[in-house]
Amino acid sequence: MINFSFIIVVLQGTVLNSWKVMWVVLADDAIEFYKKKTDNSPKGMIPLKGATLTSPCQDFTKRMLVFKVRSAKNQEHFFQATHLEERELWVKDIKRAITCLQGGKKFARKSTRRSIRLPENVNLSELYVLMKDQDKGVKELKVEKDKRLFNHCFTGNTVIDWLISERKARNRPEGLMLATGLLNEGFLLPAGDVSKDGAEKGAECVFLDQTEALYYFADSGFFCEGYSSDEDVIMKEEFRGAIVKQGCLLKQGHRRKNWKVRKFILRDDPAYIHYYDPTKGENDPLGSIHLRGSVVTAVEYVPDAKRYEVDGNLFEIITSDEIHYYLQAATADERKDWIKAIQSVSKTGK
C-alpha cells in the first residue's frame, strides 16, 4: 500500500454533507480511508476497477482542489487536497492504478531501474525506515517559502548530508543516486515548485541537492498552507460593513499551530471577519479574513493538532486565496450558527 497525508473527504448522506479529514491509502485496486492513521481497519473503501476520475471537479463551485472518483456502481466520492501539488500527485497515481486494472496489471510506482542503476545490495525500504527514525533520521521541519508554510518536510541537501554522515553514501554523487531511487520508488515526494520541476525533467538524477528543493516522507503528515501575518495592514474600508455576528472562538495559529481564544467580529459589505485579543479590546485587531468567495465547513479533525489539544465543534474557513483557518466553537449549535452566518456573508458581501 502507498500511504499519503491527511486529505479532506466528503461523506455524502451526513448532516450538511459535511467534509471530514481522513487518512487515505491508495492500494493496488482500491482507495481506503481511515478515521485515524493508527486505525487497523478502514472506515470505507472505493474499488477502482471500472472507476472513473474527474479533475478538477466543479460539483462544489466554491471548493478548490477537488477531484471526484466515480465507482463502477456509479457511487460518487469527492476529495479535496490541501494544495495543488498534492492533488496532482493523487490524480496521477489514481489514474495509473485505474489504467493498470483495466489492462490486468498490478499498479506500481515508477521503477528506479528505468532511470538509474542501484547496487544490488541496496535495500531502499530499509534505508527509508532508517531515514524516518525520530532520533537518528532526517529531521522534519516547518519551512516558510513564498508566503506558504510547508509542514513535515526537509531540504534536498539535508538528505544528502544525512546519507553521507550515516555512511550510506561515500560522496554526494552517490548520495544523489540513492535519493533519486527513493524518489522514483515513492518513498520521498517533492514539495514545492523547485523539487517538482526537478522530478519532472526526467534526468538521470532527478533528486536535487539544494536548499531550495523541499521533499517529504510519503507516509508523513505533510501539508502545505498559505498564511497571512497578524501584522498585515488592515484597511479602514474593511470596517464599513454592519456587524452580523460576534463572539469568542478558539483559533489555531498559522505558524506555531497553538490554539488561543480570540474574539471574532463578522461584518458584511465588505465581507470580513476580524479577530482580536479579548483582553485588549477592539481597537487593534490581530488580523482579518476576507470572506468574499470563501468556503466554510464543519470538520472533525485538524491535520496538525494533537487530539488532546482540541477536539469537537471544529470548522474551517478556506479563502479564495486558498488560505486555511481552523476554528473551534464552544458547542455544536454555536458552530452551526457561525457556519451559517459566514456562508451568508461570503455569498452576498463584497
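The values are calculated or read from the model by the stated rules, or taken from the named source; none is laboratory data. From a predicted model like this one, the values you see are computed outputs, not experimental measurements. Using ideal geometry, Cβ is built from the backbone for each residue, glycine included, and neighbour counts are taken over all protein chains shown. When the accessible area is computed, the model is the full protein with side chains, heavy atoms only, and any ligands, DNA or RNA have been set aside. Shrake-Rupley method; radii C 1.70, N 1.55, O 1.52, S 1.80 Å.
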Solvent exposure ordering (accessible area, 1.4 Å, most first) of K251, K196: K196, K251
Distance violations [Cα-Cα > 27 Å] among K145/K257; K92/K145; K35/K347; K142/K245; K139/K257: K35/K347; K142/K245
Relative packing of 325-331, 187-193, 45-51, which averages over residues the other C-beta atoms within 10 Å, highest first: 187-193, 325-331, 45-51
The range 256-301 shape via C-alpha gyration tensor axes, a/c threshold 1.5: oblate
Candidate residues I164, I31: accessible-area rank, largest first, probe 1.4 Å: I164, I31
Calculated from backbone phi, Karplus (6.51, -1.76, 1.60) coupling profile of the range 183-194 in Hz, x at Gly/Pro: 5, 5, 7, x, 6, 10, 10, x, 10, x, 5, 5
